[in-house]
1. What does the convex hull of the alpha-carbon atoms of the stretch 60-147 project to on average, in nm²?
2. About the Cα centre of the chain, what is the dipole size in debye to 20, counting +1 per Lys and Arg Cβ and -1 per Asp and Glu Cβ, all else neutral?
3. Once amide H atoms are placed 1.01 Å from N in the peptide plane, what residues at a sequence separation of 5 or more from I69, or on another chain, have their amide H within under 5 Å of its amide H?
4. If each of I136 and R76 carries a label point 7 Å out from its Cα toward its Cβ, how far apart are those two points in nm?
5. Work out from phi, with θ = phi - 60° and the Karplus expression 6.51 cos²θ - 1.76 cosθ + 1.60, the ³J(HN,Hα) of each residue of the stretch 129-142, listed in order in whole Hz, and give x for Gly and Pro.
6. Over the stretch 36-80, what is the mean sequence separation of C-alpha contacts under 8 Å (at least six apart), divided by residue count, expressed as relative contact order in percent?
7. Compute the signed sum of charges (Lys and Arg +1, Asp and Glu -1) over the other residues within less than 11 Å, Cβ to Cβ, of E65.
8. Give, in nm to one decimal, the length gained when the segment between H61 and N95 is fully stretched (0.36 nm per residue of separation minus the Cα-Cα distance).
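Computed from the coordinates by the stated procedures, all read-outs in this text should not be read as laboratory data. As the structure is a prediction and not an experimental result, all values here were calculated from the model. Glycine gets a Cβ as well: all are built from the backbone with ideal geometry, and neighbour counts include every protein chain shown.
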Amino acid sequence: MVNAGPVDAANGARPSGGLVARLSRIRWIRAVALSPVIARPGYWFVTASAAVWGCLLGWFHVRREGGLIVASRLPRWAFGRGGTTIGAVYLTHDNDSPTVLEHEAVHRAQWRKYGLAFIPLYIAAGSDALRNRFEIEAGLTKGGYTR
């Protein structure tokens, strides 16, 4: 994993001078990394990996909801917070209301756009969901983040 730079303890955000921010300002690196030819296979890989993880740990309690594959009844240690979207797979125990799934569908679209680059980009956006641009784009209220 790429070190995105130090975290500001006050707000969980990374300073603008982090490695990910510096690299993303170089046009050709951004163009290559985010090219669908590069991003899509990463998206497919993480989707397949998360589907296997969700099927095995959730005893095959898997269903399709729109563009999402929802793997439920997973042990709570198998994902973050109330649930985690990896590629097109939403991993959760039971946090699968229609509103939450709308929020997670946006994360699926983000994974599809950025591929594996989504991992360092998300980390660089910070751990404070109220300031994380990906969580804001997905809808803080729909994701259960309240101010």
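1. On the way: hull surface 21.7 nm².
If you wrap the Cα atoms of the stretch 60-147 in a convex hull and average its projections, you get 5.4 nm².
2. Working: 18 positive and 9 negative charges, 90 e Å.
My answer is approximately 440 debye.
3. V89, Y90
4. Using points 7 Å along Cα→Cβ, the separation is 3.1 nm.
5. Values per residue, Gly and Pro as x: 4, 5, 10, 7, 4, 6, 6, 4, 4, 6, x, 4, 5, 5 Hz.
6. Values: 32 pairs, mean separation 12.5, N = 45.
It rounds to 28 percent for the stretch 36-80.
7. Result for the local shell: 0.
8. Details: separation 34, 0.36 × 34 = 12.24 nm, distance 1.35 nm.
Roughly 10.9 nm would be gained on extension.
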